[in-house]
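For reference, the structure discussed in these notes is given below.
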Amino acid sequence: NQGGVLMANIPQKIIHEYLRHDKKFPHVWCAGCSNGIVLGGIIRAIADLQLDRDDIMMVSGIGCSSRMPVYVDFNTLHTLHGRSIAYATGVKLYKPHMKVIVVTGDGDCTAIGGNHLIHAARRNIDLTVVLINNNIYGMTGGQCSPTTPHEAIATTAPYGNIEPDFNVCDLAMGAGASFVGRTTAFHAIEMQNMIKDGLNHNGFSLIEVISACPVIFGRLNKKGGPAEMMKAMRDNSIPLAAVEKLPPEKVEGKIVRGILRRVDKPEYCDQYKILTERAQQKGAK
Ligand code: SF4
Ligand code: MG
């Protein structure tokens, strides 16, 4: 039927419009990695919003998830480890009309890139940061990142991680981010909608996507295969709306999903434009 034909055409259209499928595939990600699900969510969010590809800049640093700009047919920057938000800040100031999306991992964004994260959040510059949190440095072989859970195993913590882990959403909110949300790779539609909301928000947006790295983190910590790790995201998370109705012991240790903050605050590029005009008027006098 016609509906079926239309449905069948959608993925192909998306592949042809948004992916460099003839040039850059096959991709480097392991089978069962969540990165592909997040890529799908970002692309569908962009397609739903009918954004012009030429008005999108996707920026990344280094890591498994940071390979993502290689595969998409937008304006892209694949930059230095930890520096994606710094590059994205430069792009946004020079081309404020662009939708600037940063794709980053937990190691890239909260360790070497932590400084850039907190200051971009403080400035409230209009970037959409999709932080794919798989709790480990996957690409470089499984070292502890700032989000590796306490007592989890990593190649740099073979007897268990003695450090407490960052709550990256709390970190971003503490630094002043005006849009902060958390979801998981299992909740693909929720993720897609949250990315859309982040893209529509005029200010710094951080969307944390809890993800599975079955090949490194999963194996080291005996989490089972990709399907088991996806089921764990489903079973160990609760929506924000349910949190208030549950006793604290039922919330303890769960991944709380939802938009944790959405407020209007002056955006940095808007402020910069006002400042520029003020300086030009002063210069003209
Ligand atoms: Fe994904 Fe982990 Fe493989 Fe990297 S090492 S591609 S994060 S499964
Ligand atoms: Mg990681």
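The values are calculated or read from the model by the stated rules, or taken from the named source; none is laboratory data. No experiment lies behind these values; they were computed from the predicted model shown. Using ideal geometry, Cβ is built from the backbone for each residue, glycine included, and neighbour counts are taken over all protein chains shown. To get the accessible areas, we keep the full protein, side chains included, count just its heavy atoms, and leave off ligands, DNA and RNA. Shrake-Rupley method; radii C 1.70, N 1.55, O 1.52, S 1.80 Å.
Here are the numbers:
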item: Whole-percent carbon and sulfur share, accessible surface of the chain, 1.4 Å; result: 55
item: Net lengthening on full extension, Arg262/Ile189 (0.36 nm per residue, minus Cα-Cα); result: 24.4 nm
item: Dipole magnitude of the chain about its Cα centre (Cβ charges: Lys, Arg +1; Asp, Glu -1), debye to nearest 20; result: 420
item: Set of the stretch 28-69 residues, backbone N closer than 18 Å to the point 7 Å along the Cα-Cβ line of Asn200; result: 41-52
item: 18 Å cut-off, amide nitrogen to a point 7 angstrom out along Arg278 Cα→Cβ, residues in the stretch 94-125; result: 123-125
item: Debye log10 I(q)/I(0) for the chain, one point scatterer per Cα, at q = 0.08, 0.13, 0.16 Å⁻¹; result: -0.34, -0.88, -1.30
item: Centre separation in Å (Cα based) which lies between the stretch 74-94 and the stretch 226-281; result: 22
item: For Thr147, distant residues with modelled amide H under 5 Å away; result: Phe166
item: Residue-normalised accessible area of the stretch 82-140, given per residue in Å² at a 1.4 Å probe; result: 33
item: Burial ranking of peptide ranges 199-207, 31-39 (average Cβ count within 10 Å, highest at the top); result: 199-207, 31-39
item: Ordering of 129-142, 182-195, 77-90 by packing [mean C-beta count within 10 Å, highest first]; result: 129-142, 182-195, 77-90
item: Proximal lysines relative to Lys273, as straight alpha-carbon distance under 21 Å, when same-chain residues fewer than 8 apart are discounted; result: Lys92, Lys95, Lys99, Lys265, Lys282, Lys285
item: Gaussian network model of the chain, Cα within-10 Å springs - most flexible of Ile42, Ile255, Ile274; result: Ile274
item: Spacing of the two label points (7 Å from each Cα toward its C-beta) at His27 and His97, in nm; result: 3.0
